[in-house]
Amino acid sequence: MAHTLLILGGTTEATALAIAVHEVGITATFSYAGRVARPKRQPLPTRIGGFGGVDGLVNYIHENGITHVVDATHPFAAQMSMNAVDACGQTGTQLIALTRPKWQPETGDNWTHVPDIDAAVAALRGPSKNVMLAIGRMHLDAFAPQPQHRYLLRLVDAPDGEVPLPNRHIVVDQGPFSTENDIALMREHGVELIVSKNAGGTGARAKIDAARTLNLPIIMIDRPAIPARPEVGSSAQVLAWLDHSSTERGV
Ligand SMILES: NC(=O)c1ccc[n+]([C@@H]2O[C@H](COP(=O)([O-])OP(=O)(O)OC[C@H]3O[C@@H](n4cnc5c(N)ncnc54)[C@H](OP(=O)(O)O)[C@@H]3O)[C@@H](O)[C@H]2O)c1
């Protein structure tokens, strides 16, 4: 039986995998959550939007004869990753995660580790500062209890609703970002403190290197826990897994 692959995307690594899968001619569909206005075009048939929880994903797997799922979502997309573990478990579908190592502090870094967004908000208690909030647009509301800061927000798309932060400056930029440009941005806005998710990878790394150069502290939000599943770190390893894994389905 041939492979029919579902790639859960939203990352640079997912896009690289889509190209690799297309090149070798494996039947595959690419899935986006639909969070950004202009998602990157993929060389594969693409669907956009949630599946409707675990049950929705189970139905999608059945209806589309999916034999293999690659979870190449962002490390903070914990709900999707948990749903994939559950739905693949229920349907006997092969699942692998394409992940990237988290960033590690280097000499000269001044990181405060916090477990989640709420803890990052709590860590911002205190006098007004110029804060670069580099966490995307989905959790901005959570920072409303700390309105004393002047926030620099860099977002892929302009916010679609009201941002409940009275002192903020919004920069809309899809990247890619360079350390030089991030140093210039931080200097321009007098940034004193950065809040970042520990995304890992190269796409969002520039701000971490810029912070080190400028000697700026970072409140680093640790990754959420995700149930155990097999993980690999490259498209080549996913292709090797596809080569070796069985296509027998449980249900
Ligand atoms: N969280 C971040 O910091 C971040 C950063 C960069 C990119 N992204 C990307 O943005 C997407 C959404 O992130 P999130 O934090 O909202 O995830 P999440 O909290 O884990 O997911 C919430 C819901 O969004 C839907 N969803 C998520 N990823 C999907 C995908 N690839 N295809 C179809 N539906 C998907 C699912 O809806 P249903 O339950 O209805 O199926 C899921 O339950 C992910 O694909 C991720 O790779 C996230």
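The values are calculated or read from the model by the stated rules, or taken from the named source; none is laboratory data. Just so it is clear, the model here is predicted, and its values are computed rather than measured. Virtual Cβ from ideal backbone geometry, glycine too; neighbours counted across all protein chains shown. Keep in mind that these areas ignore ligands, DNA and RNA; they rest on the heavy atoms of the full protein, side chains included. Shrake-Rupley method; radii C 1.70, N 1.55, O 1.52, S 1.80 Å.
Every residue, every condition in (1) closer than 24 Å to Ala240 by Cα; (2) of a type in the set (Asp, Glu), yes or no:
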{"position": "Gly65", "(1), (2)": "yes, no"}
{"position": "Gln79", "(1), (2)": "no, no"}
{"position": "Gly92", "(1), (2)": "yes, no"}
{"position": "Pro105", "(1), (2)": "no, no"}
{"position": "Asp109", "(1), (2)": "no, yes"}
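Any residue at all in the stretch 115-129 that is open to solvent by 30 Å² or more (accessible area, probe 1.4 Å), more than 16 Å from the ligand (Cβ to nearest atom) and within 26 Å of Thr12 (Cβ to Cβ)?
Within the stretch 115-129, none of the residues are open to solvent by 30 Å² or more (accessible area, probe 1.4 Å), more than 16 Å from the ligand (Cβ to nearest atom) and within 26 Å of Thr12 (Cβ to Cβ).
Among the residues that make up the stretch 188-195, is at least one of them outside any loop (DSSP other than H, G, I, E, B), at pLDDT 95 or above, within 16 Å of the ligand (Cβ to nearest atom) and in contact with a strand residue (DSSP E or B) (Cβ under 6 Å, 6 or more places away or on another chain)?
yes
Here's the yes/no breakdown for (1) over 28 Å from Gln174 (Cβ atoms); (2) among the hydrophobic types (A, V, I, L, M, F, W, C):
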site	(1), (2)
Leu98	no, yes
Lys102	no, no
Thr107	yes, no
Trp111	no, yes
Ala119	yes, yes
Gly126	yes, no
Val131	no, yes
Ala134	no, yes
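Quick one: Val54 ticks every box in (1) open to solvent by 20 Å² or more (accessible area, probe 1.4 Å); (2) in a strand (DSSP E or B); (3) aliphatic (A, V, I, L, M) except a single one, so which number is it?
(2)
Restricting to the stretch 2-19, and then to whatever is buried (at least 17 other Cβ atoms within 10 Å of the Cβ), assigned to a helix (DSSP H, G or I) and hydrophobic (A, V, I, L, M, F, W, C), can you tell me which residue is nearest to the ligand (Cβ to nearest atom)?
Here the answer is Ala14.
For the stretch 130-172, please list each of the strands (runs of 3 or more DSSP E) lying entirely inside it that holds at least 3 residues being away from the ligand (no atom under 15 Å from the Cβ) and closer than 14 Å to Leu185 by Cα.
Where strands (runs of 3 or more DSSP E) fall fully within the stretch 130-172 and carry at least 3 residues being away from the ligand (no atom under 15 Å from the Cβ) and closer than 14 Å to Leu185 by Cα, they are 130-134, 168-172.
State whether one or more residues within the stretch 206-213 are in a loop (DSSP other than H, G, I, E, B) and touching a residue at least 12 places away in the same chain (Cβ under 8 Å).
No, that holds for no residue.
Can you tell me which residue within the stretch 20-36, out of those that are assigned to a loop (DSSP other than H, G, I, E, B) and within 13 Å of the ligand (Cβ to nearest atom), is most open to solvent (accessible area, probe 1.4 Å)?
Among residues in the stretch 20-36 that are assigned to a loop (DSSP other than H, G, I, E, B) and within 13 Å of the ligand (Cβ to nearest atom), the one most open to solvent (accessible area, probe 1.4 Å) is Arg35.
Can you name every residue in the stretch 63-87 that is away from the ligand (no atom under 12 Å from the Cβ) and free of Cβ contacts under 8 Å to residues at least 60 places away in the same chain?
Passing the criteria: only Glu63.
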